[in-house]
Amino acid sequence: MSTENFSLSFSEALEKAGAGEKPAVDWLVPLLTCSREDESRLFGAADKVREACVGKAVHLRGLIEFSNHCRKNCAYCGLRRDNLEVERYRLEIDALVQTALEAKSLGYHSVVLQSGEDPWYTPERLAEAIREIKAKTELAITLSVGERDENTYRLWREAGADRFLLRIETTDEELFARLHPDDDLSERMDCLRSLKKLDYQLGSGVMVGLPGQTPEMLAKDIIWLKELGAEMIGVGPFISHPDTPLSGEKGGTVEQTLRLVAVLRLVFPYAHLPATTALGSLDDRGREKALETGANVMMPNVTPIDNRAKYQIYPGKICLADDARHCRGCIEGRIKSIGRTMGTDRGDVHRK
Ligand code: 5AD
Ligand code: SF4
Ligand code: FES
């Protein structure tokens, strides 16, 4: 690609973002790669848009990692099927429902049910868990369980699931193929379109700093997410896991990730953007920094403590020895420490 495509200055690029222009590589790249000196202007602009469009509230989602069994072999992930070092566990239906009730009693208004791609959880079994949680609480339910067929997504939607998270990880065909031996980029994209059609509140996202990933690729990811109509976008740094084929690779940085969060806030003024656990794992203040550069959601862990250490998608993950009550208090303190407030409702997406 010629450098001319990216010849816009930082200021020109920021102006285009501020004017709400349709995202284009030529202005996304200068923002994603801006210098330390320019960074504060980018972050300031994102923080202002966040305040004006989604306000001070930080919405909490209690994260339940209910099974670390996975039939897939994604190159970056510690839970990949070939990693025999992992002790596998699964919360069956009753235990999953019980954990959701605990989240409710800790004051959460929304839970995320996340797992590897675990075939034990047939469509009907997960539907049963969803129905039971919905019968007993008013919790908003987000699923994060990977690729399934459209009929399965429909069944879960009808059972009461409100939202779905499925990261595209990267829209670069070659990079996607290299990382996902079991998957096909166009099928992942079709899954996301099905979810959209089924009227889930739709979340996606990418990892930052994947081996071979360029700023142009990230810019194209943003453009694709915009076309998709993503309403929640989770981004975190890639962190190399020693028991994977990407062992020893360089990971993403906090700074790269914060720049992406800020650009996302400018491109998606009303979206829900989480300050991700991966950011908190690289830097004790990583999540607070994200909240100050555009993010407005946090996902504290409510997984039963005995299982937490077994859900290590990447090394150095935080909160492994902390119980759900402790994390809840910790998060509240962090939110208040930066002058923000706790969301008081389900925190549904904004649809204008
Ligand atoms: N580093 C950072 N994030 C990872 N994920 C999986 N493996 C890693 C890793 N090594 C992310 C993926 C997945 C989400 C649940 O966790 O983006 O979608
Ligand atoms: Fe399984 Fe998800 Fe990890 Fe891929 S990223 S190996 S699908 S848990
Ligand atoms: Fe778990 Fe801080 S969020 S200890």
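The residues of the range 251-262 that are within 16 Å of ligand 1 (Cβ to nearest atom) and either in contact with a Ser or Thr (Cβ under 7 Å, 6 or more places away or on another chain) or more than 17 Å from LEU210 (Cβ to Cβ) (or both), listed by number, are GLY251, LEU258, VAL261.
Filtering the range 313-337 to residues that are away from ligand 3 (no atom under 14 Å from the Cβ) and within 30 Å of PHE268 (Cα to Cα) leaves ILE313, TYR314.
Need at least 3 residues that are within 18 Å of LEU228 (Cα to Cα) per element, so show me which helices (runs of 4 or more DSSP H) inside the range 102-198 make the cut, counting only ones lying wholly within it. Before the answer, list the steps.
Numbers: elements: 123-136, 150-159, 173-179, 185-197.
Passing ranges, in order: 185-197.
Scanning the range 45-76 for residues that are surrounded by 14 or more Cβ atoms within 10 Å (Cβ to Cβ) and without any contact (Cβ under 8 Å) to a residue 24 or more places away in the chain turns up just one, LYS48. Going by the conditions given, is SER240 among the small types (Gly, Ala, Ser), surrounded by 17 or more Cβ atoms within 10 Å (Cβ to Cβ) and touching a Leu at 6+ places or on another chain (Cβ under 9 Å)? So SER240 fits the description; yes. Taking (1) among the polar types (S, T, N, Q); (2) away from ligand 3 (no atom under 16 Å from the Cβ); (3) part of a helix (DSSP H, G or I); (4) within 15 Å of TYR311 (Cβ to Cβ) in turn, THR99 satisfies each apart from (2).
Kindly establish whether ARG265 is within 16 Å of ligand 1 (Cβ to nearest atom) and either within 20 Å of PHE164 (Cβ to Cβ) or buried (at least 22 other Cβ atoms within 10 Å of the Cβ) (or both).
Details: within 16 Å of ligand 1 (Cβ to nearest atom): no; either within 20 Å of PHE164 (Cβ to Cβ) or buried (at least 22 other Cβ atoms within 10 Å of the Cβ) (or both): yes.
In short, no.
Scanning the range 298-323 for residues being among the β-branched types (Val, Ile, Thr) and within 15 Å of ligand 1 (Cβ to nearest atom) gives a total of 3.
Each value in this text was obtained by applying a stated rule to the coordinates, not by laboratory testing. Since this is a predicted model, take the numbers as computed values, not measurements. With ideal geometry, Cβ positions are generated from the backbone for all residues, glycine too; neighbour counts draw on all protein chains shown.
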